[in-house]
1. Given the -39500 (n - 2.57) contribution per DSSP H run of 4+ residues, what per-residue ellipticity at 222 nm results for chain A, rounded to the nearest 500 deg cm²/dmol?
2. Among B:161-170, A:85-94, what's the highest-first ranking by average C-beta atoms within 10 angstrom per residue?
3. Pairing the Cα long axis of helix B:305-328 with the longest principal axis of chain B, what angle in degrees results, from 0 to 90 and rounded to the nearest 10?
4. Calculate the mean, over all residues of peptide B:121-132, of how many other protein chain Cβ atoms lie within 10 angstrom of the residue's Cβ.
5. If the cut-off is a Cα-Cα distance under 23 Å, which lysines reach B:K64, setting aside same-chain residues fewer than 8 apart in sequence?
6. With angles folded into 0 to 90 degrees, how steeply does helix B:68-80 sit against the dominant principal axis of chain B? Use alpha carbons for both and round to 10.
7. Students often check this: by mean Cβ neighbours within 10 Å, which of A:23-32, B:200-209 ranks highest, and how do the rest follow?
8. Once each part is reduced to its C-alpha centroid, what is the distance from the stretch A:175-243 to the stretch B:120-154 in angstrom?
Amino acid sequence: MRTDFAQDELGSMLRDSIARYAVERYDFSARRTLLADGKGYAPQVWADAAEQGWLAIRHPEGMNGAAGDVATVGALMELVGRHLLMEPWLVSAGLGAGLIAASDDDGLKAQWLPTMAAGEYAVSVAWQTPVASALCLEHDLVTGEVAAVLHGNCADALLVPARDSDGALSIVSIELDQAEIRRADRVLIDGRRIADVRFAGARCQRLAFRNSEQTWQRMRAEALALLCAEGAGVVNRLLELTLDYVRVRKQFGQPIGRNQALQHRLVEMRLQVEESQAMAAASLERLRANASSAYRTIVGAASVLIDALKHIADEAVQMHGGIGITEEAEVSHYYRRANVVRALLGPRAQRMAEFCEEGASDDQRR
Amino acid sequence: MVEGARQSLREAVQRFAVEDVPAALRERSRTFAALDKSDYVQWMQLLHAKGWATAHWPEEDGGKAWGLMQRFVFEDEIARQGLPWIIPFGVKYVGPVLCHYGSAEQKQRFLPPITDTSEWWAQGYSEPGAGSDLAAIKTTAEPDGGDYIVNGQKVWTTYAQWADWIFCLVRTHRGERPQEGISFLLCDMNTPGITVRPIQTMDGHHHVNEVWFEDVRVPEANRVGNEGEGWRIAKFLLQNERTAGSYVGSAWFLLERLRSLLEECDADTSHRQQLEELELRCFGLETVCYRLVAAMMEGQEGGAEASLMKIRATELHQDLARALVDVLGADGIVAGGESLPREQAAAPPVPLDAVGMVTNQLYGRAETIYGGSTEIQRNIVAKAVLGL
C-alpha cells in the first residue's frame, strides 16, 4: 500500500520517477555492488540524481529548482526508507537546501545552490542540536562540537546554530576542509556514516533570516517529519517482505502463513503500517499548511513511528526465522535501518513529553 | 539442593571469576566482545581445571553426578558474573548423549577429549528445509559395507569452522512418520567430502555456518544408539539445551549493566521506570525457573518446563538488550569507528562496551528463533500443558 505524501503533481511525479529509478538501478543486489567501495553511499547515484534534477527539489524556480517544500521532500523520504537509499538526501537535498533556499541572502544562494543541484557539493545539517546547545560564535569563528552528524563524513559543509557573545543566535555554514576542524567518522549499523565534528575557531558564513531561532526550530520539526516518512517507507517494505516470505516458506507441509497465529500478528503489523503512514502524511500536510497543530502532530508521529519501527522490524525478523538474522537476507538490512531511524526520531520519552505539552497548550489556546 | 549449598556454589563461582579467570578475558566477556576459539578453549579448560566442565555427568563417566538444580545454579551464577558462554556442544549436548546412549567404546574414545575441550564439537541438526520442522531432515546415511555414506546439508551450525567433530541427525530409512528412520551419527570434520561455509549474520560476526556432506564415509561404529533412535536422542538433547541456568544469570547481568549505564548517563524518569519493570521481570523469571527446575528434579515434569523457561527468558533478554541500546541513543546505532573524546561536560563519554551492546542486540534477535523458536515452544506448551 502506498501513501502519497506530497499530495500534489510535483510530488507524485518525483515519487514515480525516483521509484522507477530505484527499482531499476538500486534493487537489493545492485545495492551491494553500489556500496562495495565502503563510502557509505553511492556516488553514481548522487550523480544520476543531480542529472534528473532530484537534488534541486527545494531550490527556487528561478534557479532551476522545482520550488518544492517539505512535503515534496517527504515523498522522496518515503522512498529513501522503502529502497534503503544511502545518500545524503535528508540532510543535503532536504534540510540543507531548504535552509539555504529560505535564507534572505541571494549571494549565498547563488554561490551554493547550483553546485548542490549538480551533485558537486553536499551539505549536512546538525539538526539534532537544539538551540540551547548552540555553538560559540566569536569574531565569525565557531568553537564547539557536534556529535553524530548524519553523512558528516562526506559533507562539504555543515549548517549549525551558533550564538555570539551578545546572545544572538545565527545559523551558520562551515566549510569542513579547514585545519581548525577535527572529524571522526563512525559507521552506523545500516552502513551509513556519521561524523563527530569539533571546531576550534573555524571560519563560517552566517545565513540571513528574519528570525534564526524560529527557522532552526522549524527545520528541526521538518527533520522529524521527514524521518517519519522514511520510517513509514521502511515499515511498509518490512511487511511486504514478510508477507512474501510466509507465503512461500513451507514447514510441516504448508506455507507458514497459513497459521492463524501468524496471520493475526501480520494484521497487527498492517495496522501499525497504516498508523505510521497516516501520521507521517498528516505531519507533512500540517507543516505545509503551517497549521498550529503541526508540531503536536509531528512529535505524536515520531512516538508512533518509534514504536512501529521496533515492533514491525522485530516481528519481520522473527517470522523469517534464522535467515532473518543473516547479512544475505534483505529483511536484516531493513531491520538495521529501522533501528537507525527509530534512534534518530527519539528519545521516545522526550517526544511523548513534547506531545503532551503541545496538547496542554492546545487546551489553553482553546 | 538446600539454600546453603546453593549459596556456597555461587560464592565459589564468584571467587573463581576473580581468582582464576584472567582479568582481560573476564573484561572482554563482560563487554560483549567477540571471543575467538583460543579464548573459548582457554575458558573451557579453566572450568575443567575446577572440575566443573562435566560435573553434571554421571560419576562412572568421570562426572560428579550434579543434579539438575546444581547445574542450573552453577550456570546461573556463571552468567550472572558476565563470564563467557559455556560452550555446550561437547559438555552439555553430545557428552550427556554418549553417557546415556553411547557404547563403551564410544565413551572411551570421545568423552575424555570432550572434558578438556581438546576436541571441539558442532551440532548438525537444522537444514534449510528443516528448521522448525526438524523431523523433515533430508540428510541421508546409506549403508555401505560397515560404513554409512552421508549426503546432505546442515545449516546454522554454530562454530563449525572450529569443529573437529560434528554430531548429526541423519535419515537412515523412511518410516510411516518422519520421526522414524532418524539416526544419531558422529562425523569427523576432517573426513573428505565435508565442506564448511560461513554465514555472516547482521551483527557482522561469524557464528554460524552451512556444512555440506558429499559422499562422506562414516563408520557404522559412529552411530549412537540404534537406527531410528535418533529422534528420541534428539529430544533428550533438546531438553538439556532448553534448560539453561544462564537464562536467569544473563538476565540479571544485563539488568545490572542497564542500571550502571543509567547512572553513567544520568538518565531520565522514564528509563528508570523501565528499569524497574525489567527488574520485576528478572525476579519473576528467576522465581519461575527455580520452581520449574525443582519440579523437574522431583520427577513432576509435565514435559514443557524447558519451553516455558525459554519463552520468557529469551523475550526478557531481547527487551534488556533493546533497553541498553535505546539508552545509548545516537551511540546505540553505531557499528564501529572512534568517536572524538567528548569535551563538553554535558555529554557523557561513549561507553567502552557500546559497540558490544549494539552487536549483542542484533545477534540476540536470534534467541527467540534458535533452539526451537518461540512459536514452536508455544505449540509445545499448548499441547503438553494446556492439552489443546
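1. -17500 deg cm²/dmol
2. Descending mean neighbour count gives A:85-94, B:161-170.
3. Computed tilt is about 40 degrees.
4. 2
5. B:K50, B:K92, B:K107
6. It works out to around 40 degrees.
7. Those peptides, ordered most packed to least, come out B:200-209, A:23-32.
8. Answer, in whole Å: 51.
The values are calculated or read from the model by the stated rules, or taken from the named source; none is laboratory data. Keep in mind the model is a prediction, meaning the values are calculated, not measured. Neighbour counts run over all protein chains shown; Cβ positions are idealised from the backbone, glycine included. In case anyone asks, the SASA skips ligands and DNA or RNA and just uses the protein heavy atoms, side chains included. Shrake-Rupley method; radii C 1.70, N 1.55, O 1.52, S 1.80 Å.
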